[in-house]
Amino acid sequence: MGRFAGWLLLALVLVIVDQLTKAYFDSHLVYGERWHLLPFFDFTLLYNPGAAFSFLAGGQGWQRWLFTAIALGAAVLILYLLRRNTGQPLFCAALACVLGGAVGNVIDRILHGHVVDFLLFYWHDWFFPAFNIADVAITCGAILLVLDELLRMRRERRAASVR
């Protein structure tokens, strides 16, 4: 139970940081306003009713509940996997990151009907879609999942070559 609780704590910390940063920018910026920090990075305030890269943002509101249901289903699966694999630290860290990010964005969808985004990278006239801490956590979790799988495959190849 101790390791499982630790992974849940990591996810909870990510949710708290995500929600605090979203609340800060939502209360200190007006929609569309930008604070210039670097020649390629601004803080901004944008709302995304869709999913990643504003997928289905033009829907009539039904996508809010679809993405909420998908995220909640993923959270249940992640909790199951975390509980069963507590001895695999890289895998569990990845899952905890995805869980924290998914829950952070679900909270936005339920409370506001959209996700609050505030991180904006760009170069001249090219803009990467704005995102938030939850999105960073999900992305880091996905990268860690790929890394975990690559390392698992490498271990299996080494074990097979020893036989």
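Below, the figures for the structure above:
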item: Extension gain, His28 back to Ala5 (0.36 nm per residue minus Cα-Cα distance, nm); result: 4.9 nm
item: Kirkwood-based Rg to Rh ratio, the chain, C-alpha trace; result: 1.05
item: Degrees between helix 2-28 axis and first principal axis of the chain (Cα, 0 to 90, nearest 10); result: 10
item: Angle between the chain longest axis and helix 133-162 axis [Cα atoms, degrees, rounded to 10]; result: 20
item: Cα long-axis angle, helix 62-84 against the chain (0 to 90 degrees, to the nearest 10); result: 30
item: The chain - mean residue ellipticity at 222 nm from DSSP helices (-39,500 (n - 2.57) per run, n ≥ 4, rounded to 500); result: -22500 deg cm²/dmol
item: Paramagnetic reach from Arg158 in region 73-116 [backbone N under 18 Å; point 7 Å along Cα→Cβ]; result: 88-91
item: Rounded percent of accessible protein surface that carbon and sulfur make up, the chain, 1.4 Å probe; result: 71
item: Length released on extending from Leu150 to Trp35, taking residue separation times 0.36 nm less the Cα-Cα span; result: 37.5 nm
item: For the chain, accessible area per residue (1.4 Å probe, heavy atoms of protein chains only), Å²; result: 60
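The values are calculated or read from the model by the stated rules, or taken from the named source; none is laboratory data. Owing to the predicted nature of the structure, the values given are computational and were not obtained by experimental measurement. Cβ sites come from the backbone with ideal geometry, for glycine too, and all protein chains shown count toward neighbours. The protein model used for the area step is the full one, side chains on, heavy atoms only, and it has no ligands, DNA or RNA in it. Shrake-Rupley method; radii C 1.70, N 1.55, O 1.52, S 1.80 Å.
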